[in-house]
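Report on the following structure.
The values are calculated or read from the model by the stated rules, or taken from the named source; none is laboratory data. Please read all numbers here as calculations on a predicted model, not as lab measurements. All Cβ positions, even for glycine, are placed from backbone atoms using ideal geometry, and neighbour counts span all protein chains on display. Surface areas here come from the heavy atoms of the whole protein model, side chains and all, with no ligands, DNA or RNA. Shrake-Rupley method; radii C 1.70, N 1.55, O 1.52, S 1.80 Å.
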Amino acid sequence: MTGFRLTLAALVTTALALIAAPAMAANAGITADVTMTLGKGGTVHVVEKLEGGSGELKRTFLTRTRHDDANDRLYEISNVKGGTYADGVLTVTSPATVEYDVKGAVAPAGDAEELRWFAVSGWDTAVDKATVKVTGPGLVQNLTCFAGELTSAIGCTSAAMDHTGTQADFEQEGLAPGQALTVVVGFPEGASGGQPILDKRFSLAGAFALNPVTGGALAALLVLLLGGVALLYWTRGRDARVVSHETGAVNPVQNGHFSPPDGVRPGQIGTLVDEQADVVDVTATIVDLAVRGYLRIDEQPRQAYDAPDWLLVRLPHAPSHTLLPYEQALYDAIFEGREAVLLSQLSGSFAAHLGKVRDALYADVVRQGWFARRPDAERTLWTTVGVVLLVAGVLSTALLAWFTSYGLLGLAVIIAGGALAVGGQYMPAKTAKGAAALAHTLGFRDFLFSGDVGNVAEKDRVELFSRYLPYAVIFDGVEHWSRLVASVTGNGHQADNLYWYHGPAEWDLSKFAGSMRTFTTTTSGAISASRQFRTL
């Protein structure tokens with residue numbers, strides 16, 4: 001019975017051994033016999049003889065390492081034989097003999113040159129034993145090796161040179177998957193003439209390095225570009241100069257009648273002063289049309305919490321043929337064939353016509369000879385050029401920063417483009433006639449704010465001061481002139497209404513200043529509800 005048990009145990013042991021043998025074979029590592037030959041130009045020819053292991057094996061080459069603070073070091077693998085190589089990964093079936101060339105593994109080191117290569121590395125299986133032989137175009141000056149992880153400073157199992165001093169021999173036992181055997185061999189200076197392959201590592205500090213070269217170039221480029229922008233403004237964007245006698249105070253009252261300087265109308269003044277057709281110009285023109293007898297403004301009665309509203313009434317027999325094109329466009333946009341319209345209704349109906357009013361205003365200042373070209377077109381042209389230059393600066397900065405250390409030079413182009421884009425708003429230049437008209441207009445503004453009513457007959461004051469009011473809208477003096485209009489009498493009698501502005505019941509001129517301030521604000525709001533004027 002005892003013999004039977006011993007026999008059974010022996011059979012079980014044998015079976016277990018037979019089962020475990022394949023598994024142990026599958027986990028067995030490989031052996032690598034590597035021969036490295038350094039040739040002229042720093043190219044290393046490598047031959048690897050692999051044995052052991054089973055099935056398909058993969059090795060991931062290390063092709064990039066850190067060289068210094070600014071550069072990475074590259075290793076180029078080429079002419080691979082005995083396996084398949086793609087994207088830094090070598091695939092072989094053991095046993096195999098693999099050959100390949102390495103460039104970039106040699107670098108000057110003091111009075112010598114140094115070959116450094118990861119002779120065995122990156123295998124997806126263990127390497128039980130590795131031997132490496134290195135020869136080159138001169139005697140071996142020094143040698144060392146490291147084994148384990150790539151950053152390991154632990155020496156390999158053995159490292160020596162042969163008795164002739166022309167070959168370095170290395171050996172390492174027991175490398176885990178992914179670990180490396182790195183060999184370093186020194187040869188005489190210039191023996192192979194090899195140089196490391198360096199790839200500049202991107203960094204903001206390096207890309208925008210400030211040194212005498214980049215600083216001087218940046219200053220010179222800024223002077224050149226910004227000087228060009230300044231010269232462009234000096235030659236193209238400045239108003240023509242006016243002689244001294246064109247400036248000074250202006251009295252718009254001639255023989256008791258209102259005569260604005262150079263015949264400038266309120267809507268034209270706004271475009272002349274700031275070179276833009278905006279909402280206040282249109283608002284002032286509506287008031288001017290009322291004052292001149294083309295329409296009447298009727299303030300609507302309202303309860304305590306109602307929004308204020310006004311009825312604009314077309315006046316019969318108004319000489320509309322005397323209107324300027326932009327005034328006619330605005331007049332038509334207000335009424336559209338109607339005899340009266342509430343201001344609150346204009347937000348929707350104005351949208352289709354405001355573009356025409358704006359275009360007519362710009363065309364008018366050119367027709368008057370105040371500008372050689374439309375201010376909006378001139379402004380758009382130079383602003384667009386500035387934006388294009390700005391974009392070009394951003395692209396050039398990115399390219400210079402990525403490929404060189406001269407990224408600062410691109411910033412000069414960005415600054416110049418930004419200066420031109422902003423300066424483009426000031427490029428519309430007035431002609432000599434336009435500059436003189438502006439000087440007269442500013443003199444008229446000083447007269448308006450002086451508070452000097454002059455020797456104007458009492459019976460003429462309502463009409464005369466009403467004619468001033470649209471200009472006061474442009475010059476932001478509505479409050480002052482509204483109170484002045486409300487304080488005068490007509491034909492020697494205090495009036496409850498003006499000929500062009502009527503209030504609701506129980507309203508009198510004492511409330512005119514507040515009504516006028518609210519009217520101009522509400523009108524501007526109704527106009528600016530249109531997309532075309534929202535940002536003007």
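Listed values, structure above:
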item	result
Residue match in the range 274-285 (condition: part of a loop (DSSP other than H, G, I, E, B) and open to solvent by 40 Å² or more (accessible area, probe 1.4 Å))	yes
Subset of the range 304-318 that is without any contact (Cβ under 8 Å) to a residue 12 or more places away in the chain and over 51 Å from the mean Cα position of the chain (by Cα) - its residue that is least open to solvent (accessible area, probe 1.4 Å)	PRO316
Qualifying residue in the range 383-392 (condition: within 23 Å of ASP281 (Cβ to Cβ) and surrounded by 20 or more Cβ atoms within 10 Å (Cβ to Cβ))	no
Filter pass, GLN300 being of a type in the set (S, T, N, Q), farther than 20 Å from LEU469 by Cβ, open to solvent by 40 Å² or more (accessible area, probe 1.4 Å) and out of contact with any Pro (no Cβ under 7 Å at 6 or more places or on another chain)	no
Residues of the range 49-98 classified as among the hydroxyl-bearing types (Ser, Thr, Tyr), within 25 Å of GLN195 (Cα to Cα) and part of a strand (DSSP E or B), total	4
Members of the range 136-163 found to be at pLDDT 90 or above and β-branched (Val, Ile, Thr), listed by number	VAL140, THR144, ILE154, THR157
Residue within the range 350-369 that is surrounded by 14 or more Cβ atoms within 10 Å (Cβ to Cβ) and in contact with a His (Cβ under 7 Å, 6 or more places away or on another chain) present	no
Subset of the range 404-422 [in a helix (DSSP H, G or I), touching a residue at least 60 places away in the same chain (Cβ under 8 Å) and over 12 Å from LEU221 (Cβ atoms)]	GLY407, ALA419, LEU420
Matching residues in the range 185-217 - criterion: being crowded, with 17+ Cβ neighbours inside 10 Å and modelled with pLDDT of 80 or more	VAL185, GLY186, PHE187, ALA191, SER192, GLY194, PRO196, ILE197
Elements of type helices (runs of 4 or more DSSP H) contained in the range 312-398, each with 1 or more residues being out of contact with any Gly (no Cβ under 9 Å at 6 or more places or on another chain), within 30 Å of ALA240 (Cα to Cα) and of a type outside the set (D, E, K, R)	325-335, 354-367
Residues of the range 372-416 satisfying the condition of being closer than 26 Å to ASP278 by Cβ and not aliphatic (A, V, I, L, M)	ARG373, ARG374, PRO375, ASP376, GLU378, ARG379, THR380, TRP382, THR383, THR384, GLY386
Subset of the range 484-503 that is at pLDDT 75 or above and either hydrophobic (A, V, I, L, M, F, W, C) or more than 20 Å from ASP309 (Cβ to Cβ) (or both) - its residue that is most open to solvent (accessible area, probe 1.4 Å)	TYR499
Extreme residue, modelled with the lowest pLDDT, among residues of the range 50-74 that are of a type in the set (Asp, Glu) and open to solvent by less than 80 Å² (accessible area, probe 1.4 Å)	ASP68
In the range 393-415, residue least open to solvent (accessible area, probe 1.4 Å) [restricted to those that are in contact with a Phe, Trp or Tyr (Cβ under 7 Å, 6 or more places away or on another chain) and not aliphatic (A, V, I, L, M)]	GLY407
Residue selected from the range 15-38 under the condition of a type in the set (Gly, Ala, Ser) and either over 24 Å from PHE61 (Cα atoms) or exposed (fewer than 15 other Cβ atoms within 10 Å of the Cβ) (or both), by the criterion modelled with the highest pLDDT	ALA28
Selected residue (criterion: modelled with the lowest pLDDT) from residues of the range 87-135 that are on the phi < 0 side of the Ramachandran plot, among the acidic types (Asp, Glu) and open to solvent by 40 Å² or more (accessible area, probe 1.4 Å)	ASP111
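Here's the yes/no breakdown for (1) at pLDDT 70 or above; (2) closer than 23 Å to TRP310 by Cα:
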site: TYR426; (1), (2): yes, no
site: THR441; (1), (2): yes, no
site: ARG445; (1), (2): yes, no
site: ALA457; (1), (2): no, no
site: SER482; (1), (2): yes, yes
site: ALA505; (1), (2): yes, yes
site: ARG517; (1), (2): yes, yes
site: THR522; (1), (2): yes, yes
site: PHE533; (1), (2): no, yes
